[in-house]
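One structure is given below, encoded as structure tokens.
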Amino acid sequence: MSKVKGIALCAAAALLLTPTLAHGNGFALFEHGARGVGMGGAFGATANDPSAGYYNPAGLAFLEGMQSSAGAYLITETSKFTGDDPYPGAGYKAELEHQIFYPLHLHVTGDLAKNLRWGISTTAPFGLGTWWPDDYAGKFITKRVDLKVLNLNPNLAYKVSDNFAVAVGFDYFLSQVDITKSIGVINPYTQQVAEVGQVHLFTPDWETGSGWNAGILWKIGGGFSFGATYRSRVEMKYSDAEASFVQFGTGYADFDAIVAGLLPFGDNVPGTSEIVFPAEMRYAVAWHNDVWTVEADFVRMGWDTFETLPITIEGRPDLSSVRAEDYVDRTTFRFGVEWKTSDRWAWQFGYLDDPTPVPTASVSPLLPDSDRTGYSVGFTWDWTNKMQVQSSFLYLPFDDRSTDGQDHDNYNGSYETTAYLWGFSLVYRF
Amino acid sequence: MKNLRKVTVLSLAALLLAGGAVAQVDLSRFVALGDSLTAGVVNFGSVERFQLLSIPNLIATQAGYGSSFAQPLVSEPGLPPLLEVKALNVTALGISPTIGLKDGFGQPLNPTHDGPYNNLAIDGANTGDLLTLTGNIFNLQEDMLKYAGGLVGKKVPFADLVLRDGQTTPIQQAIGAQGTFYWVLIGHNDVLGAITTAVFLPGVTVTPIETFQQNFQMVLGALRQNRPNATILVGNILDVSRAPYATTINPYIVNPADGSHIPLIGEAGLLTESDRVSLGASALLAQGIGIPVAAGGTGQPLPEGGLDSQNQFQAGVVLRASEIAQMQQYIAAMNATIESVAAAVGAQVMDMNTLYDDLVDNGRIIGGIHVDMGFLTGGLVSLDGIHGSGLGYAVIANEVIDFMNATYGTNMAPVNLRPILLGESSATSVTAANFVFSTEAAVRLVNAYAPGVRTDKLEAAARQPRSRQRSTPTDRSDKPGIRTPR
């Protein structure tokens with residue numbers, strides 16, 4: 001047990017370090033096991049390795065002995081913005097700063113009693129990291145956003161019969177948020193906007209929230225299986241956030257003095273925010289024989305609970321805001337195929353169709369989301385009887401997304417985004 | 001020529017695309033008639049960098065004119081020299097910005113332009129002036145000095161600048177230009193005198209409504225008769241009683257001890273919450289005039305305006321709620337006339353009145369920045385509290401472009417606001433409640449919009465030393481005042 005705890009804590013610590021770029025469904029992430037990703041994320045009715053802790057915990061009930069799966073994804077994304085009139089103007093261009101993200105995952109599972117198994121998964125189910133150049137034209141909306149979410153998810157899986165299992169689990173979310181944007185005020189001398197400073201809202205400590213999850217896995221017969229899982233929404237209140245303000249001089253000393261008197265430069269002011277992370281419902285059906293596995297999953301995210309992003313700076317209603325988001329529920333279609341070419345090798349191929357929950361008016365430099373399709377390929381290699389190496393690559397081109405002149409902040413134009421993900425998992429059977 | 005060809009192609013394309021319900025439009029000869037709002041006056045003066053942001057010039061640029069939309073351009077520091085912020089003084093009471101005039105005088109940059117300018121708008125002109133005003137470019141310098149001395153109204157030197165030939169009126173030049181598309185926005189100077197003098201008095205500060213109605217009918221009638229196939233787009237009148245010049249200063253001061261409102265004092269008694277004080281009062285308030293003694297003022301009343309003891313009309317700074325109501329009724333009557341005359345001559349009406357209310361009530365968000373009609377820091381209004389800023393005109397031009405696209409089937413892109421907003425070249429706000437708008441600037445405003453109205457009382461009040469106690473009115477007949485020839 002202590003070995004397991006140690007591993008879990010190390011993984012948690014490692015996961016703490018990395019914000020993750022949103023390249024999925026809103027700011028949801030789905031890369032929690034290389035084999036599952038190789039199959040386009042369609043793994044909820046197969047769920048036969050420790051990553052079932054995410055894909056369908058009921059699948060843990062059919063595993064034997066203590067097993068773990070640990071891994072990471074390297075994710076990079078390019079996003080190019082081209083402006084429209086009247087702001088920031090036709091032909092204006094800006095590009096996201098290049099970053100590489102590496103969300104980690106760790107799943108451990110073992111026997112608890114006859115037909116009863118435990119599992120603990122640590123994953124990053126949501127994340128966002130959008131960094132724009134310091135001087136771009138949308139700096140008064142956002143400069144940098146980092147959102148980190150960690151889920152510590154213990155599960156209990158019970159094998160009701162040789163063909164049917166159920167699971168239930170608890171989701172413990174840890175999250176940090178970090179938003180930086182410029183402050184613009186009309187300078188009476190020039191009658192134009194001057195960048196008088198910058199505000200940085202951040203959470204010095206991890207904030208927590210919780211939810212629950214459940215799953216069933218039914219091996220129907222004839223090679224068919226059916227899985228269904230539910231993960232509840234999680235309300236995350238960032239109640240101990242802080243806002244720090246930095247002033248930039250404008251060259252007009254008396255104007256700078258006035259601005260200095262109006263904004264709390266130099267002090268950290270308490271602030272709060274809130275995000276409601278959506279519930280997830282997954283229906284999965286698979287067929288397999290000794291060589292082939294074919295699966296289709298339908299994953300519905302209850303995004304309509306993410307209506308607003310409130311940012312409150314204590315005692316300063318003039319600096320606080322409620323950002324309308326109005327996301328909508330969406331269903332992603334995932335399809336995967338696994339081909340066992342030998343005792344030790346298998347190849348995965350996947351496809352996903354992922355419509356965006358973000359309405360046109362909410363498309364912004366905070367999250368330039370769009371409909372996307374994904375194409376994946378991966379392999380698993382049983383290196384030894386105890387160890388399996390999994391690796392997969394996912395190519396995720398987004399549809400070009402225009403704000404159609406509707407952006408809430410009147411920052412209009414179109415975004416061209418592509419994400420590339422490569423990851424690996426190491427499965428160990430103790 | 002290339003631009004005109006582009007424009008003609010655009011117009012032909014528009015004609016082809018336009019369905020039966022959409023009016024046809026040929027933008028190849030675009031002529032504008034109007035006042036300072038059409039001329040692109042910013043900070044009370046005309047200067048090239050803001051004239052290029054005039055509403056008609058912006059529309060013409062989006063329609064493909066390039067630099068061939070001719071306007072009577074003026075060099076820095078403008079004619080008259082533009083207002084600018086001299087200092088933002090931080091005092092115990094708050095921020096007291098000092099606004100005054102730039103040094104020097106601008107010069108006309110293209111006085112020998114061949115043919116009428118495309119933009120024939122004249123700063124200070126009222127509706128009747130479109131029918132009668134003439135101007136001679138050789139008198140510009142002299143008339144500008146006379147205007148600076150308060151001897152003539154602002155429209156006199158500007159008629160010289162715009163009309164130039166000493167013979168033809170704005171309507172004659174507009175017809176002579178053989179325009180295919182006319183923008184007409186006129187009438188604000190028929191009513192603005194009520195704001196700048198703080199008295200609503202038809203025949204003195206405001207054109208009698210029947211006279212306005214007749215003049216407007218004649219302007220549009222003459223245009224339509226002589227240019228039967230032209231498209232005419234008319235703007236209606238903004239509710240100028242909502243201009244920051246009339247709404248920035250509260251009719252009370254706030255008691256710092258408990259936040260209660262202490263009403264200011266006018267000659268006709270204490271001001272109520274529905275009364276208004278114009279920017280012209282700021283110099284007086286800075287000296288304690290209008291503020292009760294108990295609140296640290298002199299107890300002297302702010303001038304309300306009206307006939308003085310010599311039966312001369314004096315400007316004031318207090319706008320009573322009843323006067324504001326009268327102004328609003330008057331503007332409603334003007335707009336009803338504009339609506340019916342436009343319909344009769346087959347002109348379209350752009351509802352500037354509703355647009356202005358929206359800008360005052362809601363402002364706009366541009367790239368995450370909220371801009372509005374707040375004085376000094378709102379971004380959309382000039383330092384004179386009446387005219388738009390360059391950004392204000394650009395925002396309005398985009399609304400007109402939207403209207404033209406919807407009404408005429410034109411396909412003009414909106415104006416790019418980024419360079420204007422950010423000067424490639426809240427929320428938080430500088431409170432402008434306590435500030436000094438120079439008396440000189442206020443007097444110029446009175447002279448511009450209500451020539452003939454006396455301002456010696458305003459100026460005398462501003463000159464009084466702060467410690468002076470309230471005294472009985474004295475005979476001022478031996479004192480020099482500014483007399484404007486009628």
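Read-outs throughout are calculated quantities, based only on the coordinates presented, and are distinct from any laboratory measurement. Bear in mind the structure is a predicted one, so any value in this text is a computation, not a measurement. Positions of Cβ are generated from backbone atoms using ideal geometry, with glycine treated the same way; all protein chains shown enter the neighbour counts.
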| task | Mind running the shape call on the range B:123-177? Use the C-alpha gyration tensor, a ≥ b ≥ c as the square roots of the eigenvalues: rounded below 1.5 for a/c, prolate if a/b tops b/c, oblate otherwise. | result | oblate
| remark: Assertion target for B:382, A:392, B:75, ordered by fewest C-beta neighbours within 10 angstrom first, is B:75, B:382, A:392
| note | chain A, Gaussian network, Cα under 10 Å: of A:111, A:371, A:267, the residue fluctuating most is A:267
| message | A 31 angstrom limit on the alpha carbon distance is what I want to check against. Which of A:114/A:386; A:143/A:237; A:181/B:102 exceed it? | response | A:181/B:102
| query | HN-Hα J couplings of the range B:294-305 from phi, Karplus 6.51/-1.76/1.60, θ = phi - 60°, integer Hz, Gly and Pro as x? | reply | 4, 9, x, x, 8, x, 6, x, 6, x, 8, x
| message | For the pairs B:146/B:457; A:159/A:219; B:86/B:155, flag any whose C-alpha to C-alpha distance is greater than 19 Å. | response | B:146/B:457; B:86/B:155
| field | Gain upon complete extension [residue A:268, residue A:328; 0.36 nm per residue less C-alpha separation] | value | 18.1 nm
| Hz values of 3J(HN,Hα) by residue in the range A:232-241 - Karplus curve (6.51, -1.76, 1.60), Gly and Pro given as x | 6, 5, 10, 8, 10, 9, 8, 8, 10, 6
| query | Using a Förster distance of 35 Å, how high is the FRET efficiency between residue A:298 and residue A:115, based on the Cβ-Cβ distance and rounded to 0.05? | reply | 0.75
| task | Could you tell me how many degrees, from 0 to 90 and to the nearest 10, lie between the Cα long axis of helix A:253-262 and the main elongation axis, the longest principal axis, of the Cα atoms of chain A? | result | 50
| message | With a cap of 15 neighbouring Cβ atoms within 10 Å, and only residues DSSP puts in a loop, list the GluC sites (Glu not before Pro) found in the range A:74-172. | response | A:97
| request: Please figure out what share of the DSSP beta bridges in the range A:183-255 is antiparallel and state it in percent, rounded to the nearest 5. | output: 100
| remark: Taking r as the C-beta separation of residue A:418 and residue A:134 and R0 as 35 Å, the FRET efficiency to the nearest 0.05 is 0.90
| For residues of B:365-378, the mean tally of beta carbons on other chains within 10 Å | 6
| task | Would you pull out the residues with amide H under 5 Å of residue B:299's amide H, same chain only if 5 or more places away, H placed 1.01 Å from N? | result | B:290, B:291, B:293
| said: Order these by the 10 Å Cβ neighbour count, fewest first: A:341, A:250. | reply: A:341, A:250
| Listed residue (B:132, B:96, B:189) projecting farthest to the positive dipole end of the range B:82-194, Cβ model | B:96
| Check residue B:267: other-chain or 5+ apart residues with amide H under 5 Å from its amide H, H built from backbone geometry? | B:302, B:304
| note | Taking a ≥ b ≥ c as the square roots of the Cα gyration tensor eigenvalues, with a/c under 1.5 meaning rounded and otherwise prolate when a/b beats b/c or oblate if not, the protein assembly as shown comes out prolate
| How high is the FRET efficiency between residue A:240 and residue B:75 when r is their beta carbon distance and R₀ equals 45 Å, given to the nearest 0.05? | 0.20
| remark: Along the dipole axis of the range B:206-327 (charges at Cβ: +1 for Lys and Arg, -1 for Asp and Glu; origin at the Cα centre), the most positive-end residue among B:309, B:214, B:278 is B:214
| task | Would you please name the trypsin sites (Lys or Arg not before Pro) within the range A:324-384 that are DSSP coil residues with at most 16 other C-beta atoms within 10 Å of their C-beta? | result | A:344
| task | Would you mind ranking B:273, A:31, A:307 by Cβ crowding within 10 Å, fewest neighbours first? | result | B:273, A:307, A:31
| Which whole-number percent gives the relative contact order of the range A:27-174, counting Cα pairs below 8 Å spaced six or more residues apart? | 23
| query | If contacts are Cα pairs under 8 angstrom and at least 6 residues apart, what is the relative contact order of chain A in percent? | reply | 19
| Rounded, prolate or oblate: which one fits the range B:305-393, using the alpha carbon gyration tensor with axes a ≥ b ≥ c (rounded when a/c is under 1.5, else prolate when a/b beats b/c, else oblate)? | oblate
| query | Which of A:321, A:79, A:376 moves most in a GNM of chain A, Cα contacts under 10 Å? | reply | A:321
| message | Give me the one-decimal nm value for the distance between modelled label points at residue A:200 and residue B:217, 7 Å along each residue's Cα-to-Cβ direction. | response | 7.0
| said: Can you give me the long-range amide H partners of residue B:382? Hydrogens built in the peptide plane at 1.01 Å from N, cutoff under 5 Å, separation of 5 or more residues or another chain. | reply: B:43, B:387, B:388, B:389
